[in-house]
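**Q** Just passing along the structure, written as structure tokens.
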Amino acid sequence: MANATAVIEQPLKMKKKRRTPLKWFLTTGWRHLVGLALILYAIFPILYILSTSLFPNNSIEGTNTLFAAISFQNYINLFSDPARPFGLWYMNTVIIGLVTSVLSVFISALAAYAFSRLRFRGRRGGLLSLILIQMFPSLLGLVAIFGMLTEIGKIFPAFGLDSVLGLIMIYLGGSLGGGTYLMYGFFNTVPKELDEAAKLDGATHTQIFYGIIMRLVSPVLAVQMLLSYIGITSDYVLASVVLSKPESLTLAVGLQQFISDPYSKDWSMFTAGAVLAAIPVVTLFMFLQRYIVSGLLGGAVKG
Amino acid sequence: MTNPLAGGPDRSNVKRKTVKNLYDGGTPSLRGTLFKITLLAILDAVTIFVLFILFMQHLWVAFAVGLFAMLVVNYLYLRRGGLPAKYLAPGVILLIAFQIYVLLFSAYTAFTNYGSSHNGSEQLAVTALNEAGSQPVDGSVQYDVHLVSATGTVNADGSNIGFLFTDPVGGKVLLADPNLKLTEIPACSTAVQQVIKTNATTVTPDQCGLKMLTDLGPNLADAISAPGWKAISIAESNKVSTDISNKLAGRHYPASSSDQSLFLQTQDLTTAITYQPQIIWVSSMKADPNDPQAIYADPKGYFLRVADGKKYLPAQDGYFRIDGKIPGKFGACGEGDADCLNIGWEVQVGMRNFATIFGDQQLRAPLLKIISWTFLFAASTVFTTFVAGLAIALLFNDERMKGKKIYRSLMILPYAFPAFLSAYVWRGLLNKDEGFINQVILHGAHIPWLTEETPARFAVLLVNLWLGFPYMFLITTGALQAIPAELVESATIDGATPWQILRQIKLPLLFVSLAPLLISSFAFNFNNFTLIYLLTGGGPIDSTTSGYDAGGTDILITFVYKIAFSTGHGRDYGLASAFSILIFILVATFSLVSFRRTRTLEDVN
């Protein structure tokens, strides 16, 4: 259908090319002007940190002249401070983010399949209570979480306080509330006739789940994972309560150290770290851009 | 959409049997079954290992819960049918362990006084009070302290460490051994005084075997080793962990044979002074030498105030108070209050936390302000981001415009950029004196963006607009494109103006599809802790809200976080939990009502 409209539009567009400059400005030109202004608003903070991260002096507040000098010294320094092991923070963040986002999307996909395709008692109640439970501000469970991890750590230190595994566990606890309802929306957009036909051909429920539904919504699953990765790696509070040893921090907690102490603020190092932390996420985001809209709308718009 | 084929497991008449099988997932393949059993076996092996450890540690509750969970999981996955449970189990188990438990714990805590001054049992409080309830004796000698041990090394728990106390004026040297015995090294005083007076610079063992450290300045010298006791070297002293030094600092050495209550203690491990307890724990129980703390659990025990012989009895609010009487309605135990002991224990307080929230005069004004700002903040954020997003979506919703993809890619950068970084970056940009906004964009203005209430509120909204408009832009674009083109076309043919099309066709349709997302956005921003906490920290602090430290940009959740975790005036988990239960009810009710009104949940049946 998109092709058909394109074919029809083609001759129209050719005609419109011959508009006078004034007419062009009044119809589309001003849109470019506003667009450019908006882009400036959107990217100047990002340009600012990029510029500061490349500014060689270890200045306290960075520089206010964009791209006054270019040097990679801050990036080199970032990896050579044993008291602030940036490389380890990066690794921790990626491990926590990847494990949690993949597992939590998988777990909520399992649940969403049950809610979307199976009929059972308590289905509506279950879905409603999931939506409700996720509204409990998890931040306020900090006291309970801290106490729980302290107790677990006494017996199994690998899952206690100051452990990456412990934090992953806590994050996974919220996975069902976070994504199930959205995922339920996607699964409902996959026609039920497809899996009914497969059933008649003798497919098992696992084959339907992995072979049909998961495969059809896979772009959306990728977006869900990305959004969940961004959410989890951006978490500051839970991570700062659970992790305290310098070598077990995540980027969100660790980078904060560069600017929290008013006497040894180091904007250059912070911005260099921020740029490195943002690059993979932003790249993936751009890569999956095409699917992000449907990922966000969660089947709310059927079109 | 009721499915006639979807029968429950109880409808097992012959006719439906084949159909029911289909909906239970068909005949499982051999490969699938083997895979399932292998996974289950691994899980069971791990669980049994964990259960074994719990059993050995006599943790019966945890053991029972673990065993029950294991049996349930095995039952669910080994029986035939029961598909929903198989798909829901992993998520539900995690949910129960880490969300529902946390929720219930908070609900329970809301009815207690749990906090930094009530964080354990009564026995723990008594133990701590015994430690803390002493004061230095006026005019006591201040001894210099040096760490020694028999071998000059430190063992694993620091139990072989002793001290040498030197009176730098009188020249008296005391050996404080690890068995809490204090022995004076008598013959040395003259020799030590001689060292002090002559200010000898060389370290020489004198006639009683003491080694002196003399480079402490004029007229000063400390004993650093004695016969049978070697000084602990700097390298060895690195082994003294915080744990060990806490233990060492807690040691009491009887200071006088005439007054048994006096003791010598070194709290910082560099000087020691004589202390006298202000309160004494009186118990009818006999002290057990193997478990000296057992008498602290005596329910009939009380603290005796040494000064006037009055009794501190356990009061109902979890404090020891004179005669157990609680003054006033919301009695706390403030600094300098002599009628109570300021280390308490956890007790249930019924509705007191809720009564504080609704009835405390000091809290009322800041709380009302914070609540109204929370609503204003969440509503304005949703409004500004949605309007901006919609405007941009309409701006780019023109087929003739070129380069839309580039515009879009650049414009969603704020959304792709990790939010915690954005908050920090904006904090730098908005700095009053050196920030980019004031310095470059406003040519050297000095607007106190983050340090005065009105600009700070404006700045918070501005930053949140930056963070949120790309999301709204994306979803409105998606929703706009989903509007059938025929609708717009037929309206155009009927002579509708673009404005009319927007108002009467596009907007109503947009709201139908986006309502759930807008409601979620409101709920999210209502609790948008990261932005407020990392950008302004809730500040600027309003100093008139004595004790509560409410700030100009504090929203409910950051305020509750302060109550729970700020170190300034003591942590009050009980009050914070009561707040969080109320916030939960507030947000949940709001969302449910709006979901119902917008009929979002109608398809869930």
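The values are calculated or read from the model by the stated rules, or taken from the named source; none is laboratory data. Only a predicted model underlies this, so the values are computations on that prediction, with no experimental measurement involved. All Cβ positions, even for glycine, are placed from backbone atoms using ideal geometry, and neighbour counts span all protein chains on display. Calculation scope for accessible area: heavy atoms of the full protein, side chains included, ligands and nucleic acids excluded. Shrake-Rupley method; radii C 1.70, N 1.55, O 1.52, S 1.80 Å.
**Q** Given the range B:490-581, what helices (runs of 4 or more DSSP H) lie entirely inside it while holding 3 or more residues that are of a type in the set (Gly, Ala, Ser)? Quick ask: steps written out before the conclusion?
**A** Details: elements: B:498-501, B:507-526, B:529-535, B:556-565.
Filter on the range B:490-581 gives B:507-526.
**Q** Additional query: Can you tell me how many residues within the range A:256-295 are within 19 Å of the chain's Cα centre (by Cα) and at pLDDT 75 or above?
**A** Of the residues in the range A:256-295, the ones within 19 Å of the chain's Cα centre (by Cα) are A:273-295.
Okay, now just the ones that are also at pLDDT 75 or above, so A:273-293.
The qualifying residues number 21.
**Q** Additional query: If I ask for residues that are more than 30 Å from residue B:301 (Cβ to Cβ) and free of Cβ contacts under 8 Å to residues at least 24 places away in the same chain, which ones from the range B:130-169 would you list?
**A** B:139, B:155, B:156, B:160
**Q** Give me a count of the residues in the range A:131-146 that are part of a helix (DSSP H, G or I) and within 8 Å of chain B (Cβ to nearest Cβ).
**A** The first filter runs over the range A:131-146 and keeps only residues part of a helix (DSSP H, G or I), leaving A:131-133, A:138-146.
Checking which are within 8 Å of chain B (Cβ to nearest Cβ) leaves us with A:131-133, A:138-145.
Residues in the range A:131-146 being part of a helix (DSSP H, G or I) and within 8 Å of chain B (Cβ to nearest Cβ): 11 in total.
**Q** Testing residue B:584 on (1) surrounded by fewer than 23 Cβ atoms within 10 Å (Cβ to Cβ); (2) out of contact with any strand residue (DSSP E or B) (no Cβ under 8 Å at 6 or more places or on another chain); (3) more than 9 Å from every other protein chain (Cβ to nearest Cβ), one condition comes back false. Which one is that?
**A** With respect to (1) surrounded by fewer than 23 Cβ atoms within 10 Å (Cβ to Cβ); (2) out of contact with any strand residue (DSSP E or B) (no Cβ under 8 Å at 6 or more places or on another chain); (3) more than 9 Å from every other protein chain (Cβ to nearest Cβ), residue B:584 is out only on (3).
**Q** Can you name every residue in the range B:100-114 that is within 23 Å of residue A:160 (Cβ to Cβ) and buried (at least 22 other Cβ atoms within 10 Å of the Cβ)?
**A** Start the filter on the range B:100-114 by keeping residues that are within 23 Å of residue A:160 (Cβ to Cβ), which leaves B:100-106, B:108-109, B:114.
If the condition is that a residue be within 23 Å of residue A:160 (Cβ to Cβ) and buried (at least 22 other Cβ atoms within 10 Å of the Cβ), then B:102, B:106, B:109, B:114 are the ones that fit.
**Q** Next question. Name the residues in the range A:191-243 that are of a type in the set (Val, Ile, Thr), at the interface with another protein chain (Cβ under 10 Å from one of its Cβ atoms) and assigned to a loop (DSSP other than H, G, I, E, B), would you? Please lay out each step first, then the result.
**A** Of all residues in the range A:191-243, those of a type in the set (Val, Ile, Thr) come to A:204, A:206, A:208, A:212-213, A:217, A:220, A:223, A:230, A:232-233, A:237, A:241-242.
From what's left, at the interface with another protein chain (Cβ under 10 Å from one of its Cβ atoms): A:204, A:206, A:208, A:230, A:233, A:237, A:241.
Within the range A:191-243, just A:204 meets the criteria.
**Q** What tally of residues in the range B:410-439 results from selecting those that are more than 7 Å from every other protein chain (Cβ to nearest Cβ), under 16 Å from residue B:466 (Cβ atoms) and open to solvent by 10 Å² or more (accessible area, probe 1.4 Å)?
**A** Going through the range B:410-439 one residue at a time, the tally reaches 3.
**Q** Only one residue in A:149, A:176, A:172 is open to solvent by less than 30 Å² (accessible area, probe 1.4 Å), more than 9 Å from chain B (Cβ to nearest Cβ) and in contact (Cβ under 8 Å) with a residue 60 or more places away in the chain, so which one is that?
**A** On the way: A:176 fails: more than 9 Å from chain B (Cβ to nearest Cβ); A:172 fails: more than 9 Å from chain B (Cβ to nearest Cβ).
Being open to solvent by less than 30 Å² (accessible area, probe 1.4 Å), more than 9 Å from chain B (Cβ to nearest Cβ) and in contact (Cβ under 8 Å) with a residue 60 or more places away in the chain holds for just one of A:149, A:176, A:172, which is A:149.
**Q** So, of the residues in the range B:389-409 that are part of a helix (DSSP H, G or I) and either facing chain A (nearest Cβ under 8 Å) or in contact with a Cys (Cβ under 9 Å, 6 or more places away or on another chain) (or both), which turns out to be farthest from residue A:39 (Cα to Cα)? Before the answer, list the steps.
**A** As a first pass, look at the range B:389-409 and keep what is part of a helix (DSSP H, G or I): B:389-395, B:404-409.
Next, from what is left, pick out any that are either facing chain A (nearest Cβ under 8 Å) or in contact with a Cys (Cβ under 9 Å, 6 or more places away or on another chain) (or both): B:392, B:395, B:407-409.
Working: B:392: 11, B:395: 13, B:407: 7, B:408: 9, B:409: 10 Å.
Residue satisfying both the conditions and the ranking: B:395.
**Q** Could you figure out which of (1) within 26 Å of residue B:572 (Cα to Cα); (2) within 7 Å of chain A (Cβ to nearest Cβ) isn't true of residue B:111?
**A** (2)
**Q** For the range A:196-204, indicate whether the set of residues that are touching a residue at least 24 places away in the same chain (Cβ under 8 Å), surrounded by fewer than 20 Cβ atoms within 10 Å (Cβ to Cβ) and not acidic (Asp, Glu) is non-empty.
**A** Of all residues in the range A:196-204, those touching a residue at least 24 places away in the same chain (Cβ under 8 Å) come to none.
No, the range A:196-204 has no match at all.
**Q** A follow-up question, please. Here is a check on your reading of the model: is residue A:92 of a type outside the set (A, V, I, L, M, F, W, C), in contact (Cβ under 8 Å) with a residue 24 or more places away in the chain and in the same structural domain as residue A:245 (by TED's automatic domain parsing)? Please lay out each step first, then the result.
**A** Working: of a type outside the set (A, V, I, L, M, F, W, C): yes; in contact (Cβ under 8 Å) with a residue 24 or more places away in the chain: yes; in the same structural domain as residue A:245 (by TED's automatic domain parsing): yes.
Taking the combined requirement at face value, the residue satisfies it.
**Q** Let me ask something else about it. Taking the condition assigned to a helix (DSSP H, G or I) and either outside the structural domain of residue B:419 (by TED's automatic domain parsing) or of a type in the set (A, V, I, L, M) (or both), does residue B:447 pass?
**A** On the way: assigned to a helix (DSSP H, G or I): no; either outside the structural domain of residue B:419 (by TED's automatic domain parsing) or of a type in the set (A, V, I, L, M) (or both): yes.
No, not satisfied.
**Q** Please go through (1) open to solvent by less than 40 Å² (accessible area, probe 1.4 Å); (2) closer than 30 Å to residue B:51 by Cβ for residue B:149 and return the number of the only condition it doesn't satisfy.
**A** Exception for residue B:149: condition (2).
**Q** Considering only residues that are more than 45 Å from the chain's Cα centre (by Cα) and either touching a residue at least 40 places away in the same chain (Cβ under 8 Å) or open to solvent by less than 20 Å² (accessible area, probe 1.4 Å) (or both), look in the range B:484-525 and name the one that is nearest to residue B:380 (Cα to Cα).
**A** So, considering only residues that are more than 45 Å from the chain's Cα centre (by Cα) and either touching a residue at least 40 places away in the same chain (Cβ under 8 Å) or open to solvent by less than 20 Å² (accessible area, probe 1.4 Å) (or both), the one nearest to residue B:380 (Cα to Cα) is B:502.
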